[in-house]
1. Fully extended, how many nm does the chain gain between Ala145 and Lys47 (0.36 nm per residue separation, minus their Cα-Cα distance)?
2. Show me the GluC sites (Glu not before Pro) within the range 209-286 that DSSP assigns to loop and that have at most 11 other Cβ atoms within 10 Å of their Cβ.
3. Need one word for the range 142-217: rounded, prolate or oblate. Basis is the Cα gyration tensor (sqrt eigenvalues a ≥ b ≥ c); a/c below 1.5 gives rounded, then a/b vs b/c decides.
4. Taking the Cβ-Cβ separation of Asp165 and His428 as r and a Förster radius of 30 Å, what is the calculated FRET efficiency to the nearest 0.05?
5. Provide the descending list of Cα extents for the range 43-180 along its principal axes, expressed in whole angstroms.
6. Highest mean first, how do 150-159, 166-175 rank when packing is the count of other Cβ atoms within 10 Å averaged over residues?
7. By how many nm would the segment from Thr177 to Ala379 lengthen if fully extended, with 0.36 nm per residue of separation less the alpha-carbon distance?
8. Could the peptides 187-197, 119-129 be put in order, highest first, of the mean number of other beta-carbon atoms found within 10 Å of their residues?
Amino acid sequence: MSEKDQSSSGRRVQFEMFFTLPDFSDISLRDYQETMQRPFFSLSKKKRLKPIEYLSPDKSVTVHVSANPAYGMATIWDADIMIYLASHLNELRERGDNDLSPTIRVQPGDLLKRICWGVSGRAYERLIAALDRLQATTIKTNIRANSKSRETTFSWIDSYTHLVDERTQRSLGMEITLSKWFFDGVMDKRNVLAISPLYFEITSGLGKWLYRAARKHAGGNGPEGFTIGFETLHQKSGSESSLPSFKNKILELARANNLPDISLEVIGAETPRPKLKMVMRRHLEKPSGKIEDSGSVTTESRAQRIQSATPEKAAKVSPPPEFVDPALVRKLLATTSASLRPEQQADASAALDSNASQSQSRRRGGGAQDTLDPEIYQAIRSECPGWDLDVLMRQFDSFLNSNPHELPRNYSKRFYGFMKKHHERNKHTLPGF
């Protein structure tokens, strides 16, 4: 081996020794709540150079965000990276790591997969561009200052380094150094909130911001939720859209009402000052309906129709493919089965389980071979040999049962990712390895 190859290999081994990352296939996502309800990011994919100027209605909170002319302002999609890093720090703290640092070492591929950006060459280019914007965007705010007259100025990240193998050009990992303001905020566990993994599948910039704001405002308010006027919402978002355009976009989001975890309802849609009511779905006895074209909100939902149907009809009604509440499925199954004969109970159970599997999980019961998609089962046996999949699946299910907000859309694929991580980290413990 040449001296250059030895040097490159040495750097790779030395760098990868630091990779004690938690398995992101089985931990909860966390967001830093100080950034969730105010305008810290551009909501457009177009390059934004116009600064954001925000002053709270009571004039106690200020936020000023300025863009670098070369890179533009950090976007709400770039914030996905900050959520990943906040989740990483929170998990290490929960595991008792007492040597936490603002400098975080990550594998770019793991990061990209977790935030649903893909792992193509284009995705890596997008990651680098996002990190450039996060480093170049300047924020000035008095949030967490000692007094209202003091401000802190920072960028989201202070620096980042991408280590690449000189011979193969393969990525060996990244070091990302967070700003002190962000790092200190995340280290206070009172400042982080759990969010749904489905957040990363929201495609609208305003939708992503609205989910974060709703999670912050409505999360602790129970069935009452949180109601806010469109004008105030417009100001808090930092959107460059005019108020009428912003209003139309909010109406569209409320009409679709498909944000994860959050139910939206417009109050006074045809009035000069409409308001948006946001409630966590888990606090609703019945999931809210959708807004009709006339602007009125229907209170009867598909779930209500299932509950009011006869037992035979209830077993045949499919929940909406966009979102299935596991608790609702279990409740419906129990209610329906109580009035059926044994053979009908089995048929109803199978029908509801099949419907739920379309969007949440594919958990048919039994062992791994009976539960997983056949091709995924064979892939796991081939790529992760030597493990008792039934035992590991019970551990995986135990985690999902204690974290219902982490239920995956595709159970087989999620377990496949879990197994690959588990095998990579623990294969040295297998006999004969």
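The values are calculated or read from the model by the stated rules, or taken from the named source; none is laboratory data. Remember, it's a predicted structure, so these values are computed and weren't measured experimentally. Here Cβ is always computed from backbone atoms with ideal geometry, including for glycine, and neighbour counts include all displayed protein chains. For the accessible areas, the whole protein counts, side chains as well, though only heavy atoms, and no ligand, DNA or RNA atoms are used. Shrake-Rupley method; radii C 1.70, N 1.55, O 1.52, S 1.80 Å.
1. Going from the current span to full extension adds 32.3 nm.
2. Sparse-neighbourhood loop GluC sites (Glu not before Pro): Glu270, Glu285.
3. Because a/c hits 1.5 or more and a/b fails to exceed b/c, the range 142-217 counts as oblate.
4. For R0 = 30 Å, the calculated efficiency reads 0.85.
5. 55, 40, 24
6. Ranking, from highest mean packing down: 150-159, 166-175.
7. Taking 0.36 nm per residue and subtracting the Cα distance, the gain is 69.0 nm.
8. The packing order, highest mean first, is 187-197, 119-129.
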